[in-house]
1. Being in the same structural domain as Ala429 (by TED's automatic domain parsing) and in contact with an Asp or Glu (Cβ under 8 Å, 6 or more places away or on another chain) is true for just one of Val383, Val378, Val359, Val347. Which residue is that?
2. From the list Ile197, Ile183, pick out the single residue that is over 30 Å from Ser12 (Cβ atoms), surrounded by 15 or more Cβ atoms within 10 Å (Cβ to Cβ) and modelled with pLDDT of 90 or more.
3. Of all the strands (runs of 3 or more DSSP E) wholly in region 279-331, which have at least 2 residues that are at pLDDT 90 or above and surrounded by fewer than 20 Cβ atoms within 10 Å (Cβ to Cβ)?
4. Inside region 31-68, can you point out the residues that are part of a strand (DSSP E or B), without any contact (Cβ under 8 Å) to a residue 60 or more places away in the chain and of a type outside the set (Val, Ile, Thr)?
5. Write out, first by first residue and then by second, each pair whose Cβ atoms fall under 9 Å of each other, whose residues are 6+ apart or on separate chains, and whose first residue, in region 69-88, is of a type in the set (Asp, Glu) while the second is modelled with pLDDT under 90.
6. Considering only residues that are within 18 Å of Leu180 (Cβ to Cβ), surrounded by fewer than 17 Cβ atoms within 10 Å (Cβ to Cβ) and either in the same structural domain as Asp335 (by TED's automatic domain parsing) or touching a residue at least 40 places away in the same chain (Cβ under 8 Å) (or both), which ones fall in region 91-130?
7. One residue is enough: does region 450-465 have a residue meeting the conditions in contact (Cβ under 8 Å) with a residue 24 or more places away in the chain, buried (at least 24 other Cβ atoms within 10 Å of the Cβ), touching a Phe, Trp or Tyr at 6+ places or on another chain (Cβ under 6 Å) and more than 26 Å from Pro321 (Cβ to Cβ)?
8. Hey, could you check region 371-382 for residues that are at pLDDT 90 or above and among the charged types (D, E, K, R) and say which is nearest to Asn435 (Cα to Cα)?
Amino acid sequence: MRDFILEVRNLSKYYAGVKALDDVSVGFHEGEVHGLVGENGAGKSTFIKMVTGAIEPTHGTIILGGETFKKLDPIEAIHRGISAVYQEFNLVPFLSVAENVFLGKEISNGVFINKKSMYSAVKRTLDEMGVELNPASKVETLGVAYQQIVEIVKAISFNSRILILDEPTAPLTNNETALLFKIVKKLKENRVTVIFITHRLEELFVICDRVTVMRDGRHIITADVKDMDRRKIIAHMVSRELGEEYPEKRKESGDTLLRCERLKNRKIHDISFSLRKGEILGFGGLVGAGRTEVMQALFGADKLEGGEVYLNENRINIHSPKDALKKGVGLIPEDRKNQGVLLELPVRHNITFSSLEKVKTGPFISAKKDNALAEDYVGKLRVKTPRVSQLAKNLSGGNQQKVVLAKMLATDCDLLIFDEPTRGIDVGAKQEIYNLMRRLVDDEGKSIIMISSDMPELIGMSDRILIMRKGTVVGELQKDEFNQELILEYASGLVGGK
């Protein structure tokens, strides 16, 4: 057994009696890709923040390159070779790739910045990684995958020996994920240790050498990936039996609830479809196909320039999200941090924000009603929070997603739009959301439109699927026609369309 490049012993972090991390001991070898998994709230983020120096441990030690520390600060962590790439990028859009990589440590000739040397250095790194990217390109012109590559180049420009990737594939397509894996393998060849955090368990078996499972702030197991399988990992993660991943439909769909005819604006054109009561209608397609844009227009967040919308056979006009909520149309957005959750407000206010009439006594908001409504949905959705007064920013990503769901459910909307409902959510929380969605349509008669780039999820949860490409619907599949290859053929333009 070779020595660890990074090891933690009995690492713990307590917040007002809550054990965010409890006596964790684990080590990481030089040049390995080490998966780190666990349900939302398992302690992964707290662990990473302590290793990178963002927060101070309550107790425990960090051993880095054979040297022992009680705590690290962010600058010291970077200087000692630890870097992290988080889900939210830290890039300056109007600067070039090279300028972002060298931001704060520019190469200069006296008082002048030597852009040529900076571009050459970044170009060498990109070539070594096998990536075709112009160092002079403005970051704002790049897609998500290439912005992530810029973050990785930034990290390794500090001569990082340990690179932490936090949910790196969450926003990526399959091709982009393949490119990222190629880069990770190259880093491994260069003896860089990669700590790979993911909720997509299948990725562990493609890219990782070992995996550590965490649960409820504790270290559960570290093992070679070759000795594990998906079922074993899930069992360690959740410590409970999970049923069938996708619940079966128990009730037939009813009459038409929603009918859209020839919807168009500058992003979408000639969109026509219908949605039945008690139905989950899936929207498939490649990234950029226009699925989110259709739903933003339907919700009133973007303006429609043409077309007609009928709800219960009555023509309606939706001019704003507030208008949509009044008419019974709710949206759970893809970008929960920027569009779904108010991070600086308590969980309580986030949940009741769109349902203030329910918590008023006369013209004033009743703290008692406000608290009771929030507590009710925290319980129903099993949101992991010590109290409803907790700031939303202190919750894990999966629990923030549940808060956004609670906010929409509290409005009693008959039509709910779920845009990538389980992105960045662990396997246990995913199943809770799947079961909730099925209960909403089967037991409460609600209707759901679901956008998903996760093919098993799209096929497993949908009662019917529409496929989009280049801003329009190019195919429709009934349940007995669902086929992954056929969906991809429609999405890529090999079949279907007008």
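1. Val359
2. Going through Ile197, Ile183 in turn, the sole match is Ile183.
3. Because the criterion is at least 2 residues that are at pLDDT 90 or above and surrounded by fewer than 20 Cβ atoms within 10 Å (Cβ to Cβ), the strands (runs of 3 or more DSSP E) in region 279-331 that meet it are 306-311, 314-316.
4. Step one: of region 31-68, the residues part of a strand (DSSP E or B) are 33-37, 59-64, 67-68.
Going one step further and asking which of them are without any contact (Cβ under 8 Å) to a residue 60 or more places away in the chain, we end up with 59-64, 67-68.
Hits for region 31-68 are His59, Gly60, Leu64, Glu67.
5. Partner pairs satisfying both residue conditions: Glu88/Lys337.
6. Matches in region 91-130: Glu128, Gly130.
7. Checked against the condition, which is being in contact (Cβ under 8 Å) with a residue 24 or more places away in the chain, buried (at least 24 other Cβ atoms within 10 Å of the Cβ), touching a Phe, Trp or Tyr at 6+ places or on another chain (Cβ under 6 Å) and more than 26 Å from Pro321 (Cβ to Cβ), region 450-465 yields no hits at all.
8. Asp376
The values are calculated or read from the model by the stated rules, or taken from the named source; none is laboratory data. Remember, predicted model here, so these are calculated numbers, not experimental data. Cβ coordinates were reconstructed from backbone atoms using ideal geometry, including for glycine residues, and neighbour counts include every protein chain displayed.
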